[in-house]
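What follows is one structure encoded as structure tokens, with my remarks underneath.
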Ligand SMILES: Nc1ncnc2c1ncn2[C@@H]1O[C@H](COP(=O)(O)OP(=O)(O)OP(=O)(O)O)[C@@H](O)[C@H]1O
Ligand SMILES: [Mg+2]
């Protein structure tokens, strides 16, 4: 997706630049397009000045960096991976156009096969593979049309960098207000070095006239491995935001540490849907993406509502806990998740619901599917503070195991400091029913199709929360991702 | 149609079927009765290809070796089992399930698939046969169905999939009198020259509705007695133990010791 920036797969030219002796510092050296490997204050100054950022933002980045140097990477997750060498990463490379190919014939056949299975149109396949055709021009013009339509109602939807230039006051007011720079190791790193992402602002009383998708953002292609998203819904506003796509995304960056912050004021509603399909690594687990994301919403106003819906099928390691801080009275937080781990994928995911306001309500529905050697952990926190009179939570975690080498774990943490709080927790783990499989096969449905049918049925509660088109794609994605994991 | 010879099946060193012999001609309906745990359901399981058994002996179905086929291949060849305990599949719509099943069978047979509209028409027609309400089609497969409703759903699937060999495992158990009549008349409507049935039951009453060509008694993994439909009446009067004794007596008079 972004310019190649890790030790694997970088171009010779980049390598050469990167290996050059560090001589003058990069504060003034604006000529270069690629920072040397590693992280220090100069690199952060370089990023900030390359992006022409205001001083306050540079200061914020530096504070984050200084704090980060005092932290160590967390080890409590139920995942194992080799150490990440943070000094071996290139933190800034000017966005480069994707390597263009002349036709789909030059694209990796395995990738093409997956595109076909997912039913992605040829035009779209070409766009995603970077084929040099008019399709790209089309998508730019589509995006422009959308932008005009949004501008009519006052919705701002642009890249994060653009927002820093065009709407600095909004960015300054809300950046880090939900996920502070010192929140956790990865969020802190992101605060120091993030390069781009999305920004979205829905003014008071406006119902955003369309689903916002990163797909329509012109320069979405190069947001890089440290992405930052900020969405603000003013009083009574509504927005549905779609992140990701079902097409397989290959990336030479192994580490991805994104931050997403949502702010919903009085009576505002934000619906955030994700389909994540980063490269999961090969059958032995090599080469997959580490997806360490911090996502949080602040339901700061009364009756505010924030919903997270996610379908996670990619990445070799996923570590994320989209949560909601329910600060406004009567505010509502929801989390609906399908996480599939196959091959040697590992996922440690769940939700954090923090109840502060009165009569706040949260719902967590988690569906974990483990196949092959996949490991899936649900980790969730329900925290009801003293002030959260009449708060309620309902949590349901269901795990489905396919095959004998997969694993599922459920780790709920519940803290209730209020007598009137109500917490309900249901959990189940089942082997994909031998009985169910036999039943389907007895009726003539071949085994792989039967598995996919049973798994999709298992996830139905979550899929129905997704926007229609996304849901159809997600189902297909699950089917494709499960292929070969039976028998 | 179906020829079972010296069929043995064991699970974890426990021999459950101990030499079953049975022959079914096209269009015939045979009943299998016998005490709990005698191996009736196991026989059905082996016939549809459930995994986990060590099997020996032979089963010839329409001239081919049934035991080498996968469960879905057997289904495509026309073998159907109405399960004793139909399983629930949450989140999978009943209508969708049946359409997928029928189309899988049609595909495997090289026939054209039915689109949802055509399928709906077919399903509605068959639903009348078992007096089932449309609402069941919109629910998940068997989820929250009562015992009797599950059994009806099995017969509905049989009506839709039109098998050549139908095995009904205690489809009458747990049915009230009206439901029993409905299920039985559904089954009778499906009786035809080309379709054979193996009806496993504990109740002679079912056989008043579905009159079998033959009745077999299975005890401890073997068919120990076979006869006409009168045998069922006799069993009802004397129980299986009586039969076993009569059996043992007959064997001993014939000079065979076990
Ligand atoms: N998986 C298994 N492991 C061990 N024993 C088994 C297994 N499956 C079946 N059995 C045993 O095999 C015997 C035959 O079981 P089966 O279900 O075939 O009996 P049945 O004749 O259908 O009985 P019922 O009339 O109660 O339905 C029983 O003793 C049962 O406990
Ligand atoms: Mg039985």
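Nothing in this text is a laboratory measurement; each read-out follows from the coordinates by a stated rule. If you're wondering where the values come from, they're calculated on a predicted model, not measured in any experiment. Backbone-built Cβ (ideal geometry, glycine too); neighbour counts: all protein chains shown.
Each of A:384, B:95, A:210 has some number of other Cβ atoms within 10 Å of its Cβ, and from fewest to most they run A:210, B:95, A:384.
The radius of gyration of the Cα set in the stretch B:1-148, together with its Dmax, comes out at 17.6, 50 angstrom. Compared with the dominant Cα axis of chain B, that is its longest principal axis, helix B:147-161 is turned about 80°. Each 10 Å bin from zero holds the following percent of Cα-Cα pairs in the stretch A:261-312: 22, 35, 23, 14, 6. For the stretch B:1-54 versus the stretch A:334-375, the inter-centroid distance based on Cα atoms is 45 Å.
Exposure proxy shown here: for A:56, A:308, the number of other Cβ atoms within 10 Å sets the order, fewest to most, as A:56, A:308.
Mind sorting A:263, B:59 by how few other Cβ atoms lie within 10 Å of their own Cβ, fewest first? It would help to have the intermediate numbers written out before the result.
Values: A:263 24, B:59 21.
Going from sparsest to densest Cβ surroundings: B:59, A:263.
Dimensions of the stretch A:139-482 from C-alpha coordinates, computed as largest minus smallest value along each principal axis and given longest first, are 61, 54, 37 Å.
For chain B, the Kirkwood hydrodynamic radius from C-alpha pairs, put into Stokes-Einstein at 20 °C and a viscosity of 1.002 mPa s, yields a diffusion coefficient of 112 µm² per second.
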